[in-house]
Amino acid sequence: MPHTEKEILDTLRSDTDAAFAMLLERFQEPIYWHVRRLVVSHHDTEDVVQEAFVRVYRGLPRFGQHSSLSTWVYRIATNEALRWLKRRKVRDFLFVDAGQQATAQEPYIDYGNLEAIALQRAIAALPPKQRLVFNLCYYDELDYEQVAAIVGCKPSAAKANYHLAKKSVKEFLTANLNL
Amino acid sequence: MRERDMKQTDILEKIGKQLPYTIPEGSQEGLQQRILAATIGQRTAPTAPRSRGRKVALWSGGAVAVAAAATALALVVGTPKPTAAEAFDQMLAQLTDEQCNALVASYSNDIFLWSIEE
């Protein structure tokens, strides 16, 4: 059973390292998938996630509870992923053709799952903010308040971005899949 | 609702939240170990390997310094003199973990203390 935010914060008052270990257990997996959906490559995701949690560890003693712990951790991970995406040339693993798949550099993508690939391509085609908002709402099921705090916008803007993103994704899928 | 709109609504529901991404077996555990090593492991690991003799010398040096200060204070105010061990225990009891670490870090740079080796 993952630790609750309250348990982690209670532990933080007396033992930062123990609180961090609990936090890691609670957030490592959701943060891995959040970053993976942005960065795509498994190995790159591992590097980004590690760096994000190192930043979380350094900042934990000063965590001021101005936001929830999950919002804070997601924001750090998101910023780290965006920083990574800005620094590196984006590897379009999702957009390789059928003939290129054998030589594709990312071994941890199931290119045979056409529907899931199409959905990820649709999301990748969104403007950056819509892409982020869509992932956080659709996959992580965060509410608009949380999404707004992570992305750095108003909840109403998060809601508008999500609806726009959803519409674009559906249009993309309708045009590219025969379901 | 128009046919195209209905198709759009269904298409996302049909695909759901499935992802085409996979992960190597055991990678989450491996990542957790890497993160712990880069965070808690970094902080708790000593900056340089130290022998037991060095640690004893380090704390003995600290004790001598504290005892000397306590003795000087006792002479000034005229209270009974604590022993070096008592003074050292009293000092340690009042320090936080961070202050203890700072003390170790401070004395670790003391070349006279470091010269006492097993």
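Can you tell me how many residues within the stretch A:12-33 are without any contact (Cβ under 8 Å) to a residue 40 or more places away in the chain and closer than 15 Å to residue A:73 by Cβ?
Number of matching residues: 8.
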Being surrounded by 18 or more Cβ atoms within 10 Å (Cβ to Cβ), within 12 Å of chain B (Cβ to nearest Cβ) and free of Cβ contacts under 8 Å to residues at least 12 places away in the same chain is the requirement here; does residue A:36 meet it?
yes
Taking the stretch A:13-40 and the residues there that are over 13 Å from residue A:60 (Cβ atoms) and β-branched (Val, Ile, Thr), the one that is farthest from the chain's Cα centre (by Cα) would be A:40
Those residues of the stretch A:139-151 which are without any contact (Cβ under 8 Å) to a residue 40 or more places away in the chain and surrounded by fewer than 19 Cβ atoms within 10 Å (Cβ to Cβ) amount to A:141, A:143, A:145
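Residues are listed down the side, and each one gets a yes or a no for (1) hydrophobic (A, V, I, L, M, F, W, C); (2) in the same structural domain as residue A:34 (by TED's automatic domain parsing); (3) under 21 Å from residue A:32 (Cβ atoms):
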| site | (1), (2), (3) |
| --- | --- |
| A:125 | yes, no, no |
| A:144 | no, no, no |
| A:149 | yes, no, yes |
| A:172 | yes, no, no |
If you go through the stretch A:91-98 one residue at a time, do you hit one that is at pLDDT 65 or above and touching a strand residue (DSSP E or B) at 6+ places or on another chain (Cβ under 7 Å)? yes
Over the stretch A:108-124, the set of residues under 13 Å from residue A:166 (Cα atoms) and within 8 Å of another protein chain (Cβ to nearest Cβ) is A:119, A:120
_Yes or no: the stretch A:64-87 includes at least one residue that is among the small types (Gly, Ala, Ser), within 11 Å of chain B (Cβ to nearest Cβ) and in contact (Cβ under 8 Å) with a residue 12 or more places away in the chain._
no
Note on residue A:43: of the conditions (1) closer than 21 Å to residue B:43 by Cβ; (2) without any contact (Cβ under 8 Å) to a residue 12 or more places away in the chain; (3) within 17 Å of the chain's Cα centre (by Cα); (4) more than 8 Å from chain B (Cβ to nearest Cβ), unmet is (1)
All-but-one check, residue A:124 against (1) out of contact with any helix residue (DSSP H, G or I) (no Cβ under 8 Å at 6 or more places or on another chain); (2) small (Gly, Ala, Ser); (3) closer than 22 Å to residue B:16 by Cβ, failing number (1)
Looking across the stretch A:6-33 at residues that are aliphatic (A, V, I, L, M) and more than 10 Å from every other protein chain (Cβ to nearest Cβ), the single one that is nearest to residue B:27 (Cα to Cα) is A:31
When every residue in the stretch A:112-161 that is closer than 18 Å to residue A:70 by Cβ and outside any helix (DSSP H, G or I) is compared, the one nearest to the chain's Cα centre (by Cα) is A:140
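The values are calculated or read from the model by the stated rules, or taken from the named source; none is laboratory data. As the structure is a prediction and not an experimental result, all values here were calculated from the model. All Cβ positions, even for glycine, are placed from backbone atoms using ideal geometry, and neighbour counts span all protein chains on display.
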